[in-house]
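Quick notes on the structure that follows.
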């Protein structure tokens, strides 16, 4: 297959493009949602011995969602580690002590080009209020969970599910 044309049909906070794809002698069109790259982290406060998540309203699913701390990389040359350290401070108000890479993945490659870099972050020092940035229309609440609550909570966000599964295998055995 070969992409023969890309046309931007909407440019707002995100971009929607229509790709013309050639497969053999056939051509067809596919819509591609362009969001960019993001970084996310399962955050663990080593002093409180609690996991910290961000809870915010997500218009796409018309409800509040409890999820890993996350945000977009601000520039093409920004490193995911820098982006997630910034997001942890902005969203939940902590400085990152330790950061461990988990994985990178495309959450929905059939229609969206977003790539997520997932981390495990340990924190111990609250440096700010968190809550997100007003100029980005963020209204984020921090939610703390014990290991027992983490195991039993029904997360609905894919990046968070991946991070929690990794945490159950790689972190929780060390905490008990």
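Just so you know, all these numbers are worked out from the coordinates, no wet-lab data involved. Everything numeric in this text was worked out from a predicted model, so none of it was measured.
Summary of values
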quantity	calculated
Option label - Rg/Rh (Cα atoms, Kirkwood Rh) computed here, alternatives [x] 1.08; [y] 0.98; [z] 1.03	[z]
Distance between region 162-176 and region 44-112 - C-alpha centres, whole angstrom	17
C-alpha long axis of helix 158-170 to longest principal axis of the chain, angle in °	40
Degrees separating the helix 80-92 axis from the principal Cα axis of the chain, which is the longest one	60
With 10 Å bins from 0: P(r) over region 26-128, alpha-carbon pairs, percent	15, 42, 30, 9, 3, 1
